[in-house]
Amino acid sequence: MDSDDGAARVRQQVSQLGEKFLRRTQAEATILGDLLERIQAGDMTVLPQLEAMAHKIHGSGAMFGFPAVSECAGEIEHLAEHLMTAEGAADVHTGNALQRLKDCICQLAQAADVNSLPAAGSPPSSRAG
């Protein structure tokens, strides 16, 4: 096997892993939405779970070359961290932070849409979402 074949195989495997990541992220966006509903109902105990999921997606999105996914997840992570503070907890009552969270979760789901993946062989930079 020559090195071009090996490199092509690695690119294909990374592409497949990226697609699996996006599919998993779609499912996790639904879970994030469910957690948000619990927060809206007053259950602040789920904030650490929301923050941890967003943190994982944030890092993995960057690693797989999906900057839009990573940015959305990073914003969700930041908002969750803010809401876990006393100042952030007060923002829950205004609804502004919760609306921003909802918007970011929707954007994350859109950015992770596997149907928007570029054609095989497209450079990773075209995956901005």
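Taken together, the values in this text are just the output of simple stated rules run on the coordinates, not laboratory data. Note that this is a predicted model, so its numbers are computed, not measured. In this analysis, Cβ positions are derived from the backbone assuming ideal geometry, glycine residues included, and neighbour counts consider all displayed protein chains.
For the chain, adding -39500 (n - 2.57) for each run of n ≥ 4 DSSP H residues and dividing by the number of residues yields -26000 deg cm²/dmol at 222 nm. Here the Karplus relation 6.51 cos²θ - 1.76 cosθ + 1.60, evaluated at θ = phi - 60°, turns the backbone of the stretch 8-13 into coupling constants of 5, 5, 5, 4, 5, 5 Hz, with x for every Gly and Pro.
3J(HN,Hα) along the stretch 97-110: 5, 5, 5, 4, 4, 4, 4, 5, 5, 5, 5, 4, 4, 5 Hz, from the Karplus curve 6.51 cos²θ - 1.76 cosθ + 1.60 with θ = phi - 60°, whole Hz, x for Gly and Pro. Using C-alpha pairs under 8 Å with a sequence gap of at least 6, the mean separation divided by the residue count of the chain gives a relative contact order of 28 percent.
A simple spin-label model places the labels of residue 99 and residue 14 4.1 nm from each other, with each point 7 Å out along Cα-to-Cβ. Cβ-Cβ distance of residue 84 and residue 62, R₀ of 35 Å, FRET efficiency by 1/(1 + (r/R0)^6): the value works out to about 0.95. Overall, the ratio between the Cα radius of gyration of the chain and 2.2 N^0.38 Å, rounded to two decimals, is 1.21.
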